[in-house]
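One structure is given below, encoded as structure tokens.
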Amino acid sequence: EVYADYAATTPMDGAVRKALLEDDGFGNPSSIHRAGKDARAKIEKARRGIAQLLNASSSEVFFTSGATEGNNMAIRGVANQYVRPHIITTEIEHASVLNTLRSLDADVTYLQANADGAIDVDELKNSLRDETVLVSIMLVNNETGVMQPIYEIQEALSEHTALLHIDAVQAYGHMRVDVKELGADLLTLSAHKMYGPKGIGLLYKHKDVKLIPLITGGGQEKELRGGTENTMWIEGLSLAMHQASDAITRRSIREMQIKEQFLNLLTQSDIPFEVNGDVNKSASHIINIHFPFAEAEFMLTALDMAGIHASAGSACQAGTLNPSHVLTSMYGESDRNRQSIRFSFSYMMTDEEVEAIVTALEDIYGRLMR
Ligand code: PMP
């Protein structure tokens, strides 16, 4: 069995799991007795540490149930302050951004991605209007791994009042995520993409940014997100972030080696393939490959039977794969969008595992071409 779908989710780190088993963070952090105070202290310690990692202050970090909630909080929290606001995003965002925007009564400009997988910043500049309130762009695309030109985007927005929301889910642990460097007003992260638990994440919100809360309740998270805090998972998120940050160079170098080995082996094989997007612009852990003539659905099933876990960009609905919206943005309507597979790697993978993926691909392709 080879798992090569780490962009979908990662297993929980052993040290994170151990720490969580040792301490269930029992008290209600809002209680004024000792048990409550202990839980509150844990949460606030985690918040301070996380804020330091992001170069933010602790009053700017809000815990959420993950990036889907964080993205909803950021987008709805801004948009709901206006009547039919103008918002700019890209065609290649995650569903939690795209479907949130589609559900709003908003005027949304969707920027297309180029064949390299990145947007054109001039198009962003041309789309900006005086009344644009929000620009929502991901740092690393979850299907192709391609990084968006965030510094140019920041520059394009420097003279404008529009807020910048960055979905940095696929970036954290693979590259520096510093909210000031990135010029983020809002930024979202999720623990389960970085060897932390599922169902916990965070929203960074610059102190001057006002949001309308999505979940009202007992006033937790400075009235921005009601509900008793998930002390245990907040600790898990914090631990996973610290570990990822401490090991960032070692992990990302290993991921790059794996990606290089994978591409070298593919090149040496008889399998025809094209990389989707510009590999030189992509994060260390994701690669998306077009296999001409091979439907992704067939490939994924055959790979699964060979014990290899990979994925196509889009979610599987009732057994049929939709063409990827990301690849459609990059290449237009094309067979390529149904013939592409995402492999996403971990620093924990061995050379033998990478070889096993390519061997399985050779076998499947051999049968397909016969
Ligand atoms: N944004 C991106 C880029 C993602 O890859 C994901 C996870 N697939 C999400 C948001 C949603 O994160 P979560 O699973 O924490 O809701």
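The values are calculated or read from the model by the stated rules, or taken from the named source; none is laboratory data. Fair warning: this is a prediction, and the values are worked out from it, not measured in the lab. No Cβ is skipped: glycine too gets one built from the backbone with ideal geometry, and neighbour counts run over all protein chains shown.
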Task: Answer residue from the stretch 87-103, given it is surrounded by fewer than 22 Cβ atoms within 10 Å (Cβ to Cβ) and of a type in the set (D, E, K, R) and is farthest from the ligand (Cβ to nearest atom) among those - done: Arg102
Task: Any pair with Cβ under 7 angstrom, 6 or more apart, that starts in the stretch 179-199 at a residue that is touching a residue at least 24 places away in the same chain (Cβ under 8 Å) and of a type in the set (D, E, K, R) and ends at one that is part of a helix (DSSP H, G or I) and within 8 Å of the ligand (Cβ to nearest atom) - done: Lys198/His192
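Being within 16 Å of the ligand (Cβ to nearest atom), surrounded by fewer than 22 Cβ atoms within 10 Å (Cβ to Cβ) and either among the aromatic types (Phe, Trp, Tyr) or outside any helix (DSSP H, G or I) (or both) is the requirement here; does Lys198 meet it?
Answer is yes for this residue.
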Open item on the list: Can you tell me how many residues within the stretch 258-276 are closer than 23 Å to Met348 by Cβ, touching a residue at least 60 places away in the same chain (Cβ under 8 Å) and of a type in the set (A, V, I, L, M, F, W, C)?
Closed with: 4
- [ ] Identify the single condition in (1) surrounded by 17 or more Cβ atoms within 10 Å (Cβ to Cβ); (2) within 21 Å of Tyr82 (Cα to Cα); (3) in contact (Cβ under 8 Å) with a residue 24 or more places away in the chain that Thr109 does not satisfy, given that it satisfies every other one.
- [x] (3)
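Looking only at the stretch 201-225, filter to residues that are of a type outside the set (Phe, Trp, Tyr) and under 18 Å from the mean Cα position of the chain (by Cα); which one of those is farthest from the ligand (Cβ to nearest atom)?
Checked the stretch 201-225; the qualifying residue farthest from the ligand (Cβ to nearest atom) is Lys205.
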Open item on the list: Any residue at all in the stretch 143-160 that's at pLDDT 95 or above, surrounded by 21 or more Cβ atoms within 10 Å (Cβ to Cβ), more than 13 Å from the ligand (Cβ to nearest atom) and not in a helix (DSSP H, G or I)?
Closed with: no
Task: Candidate set: the stretch 125-142, residues that are of a type outside the set (A, V, I, L, M) and in a strand (DSSP E or B); chosen: the one nearest to His160 (Cα to Cα) - done: Thr132
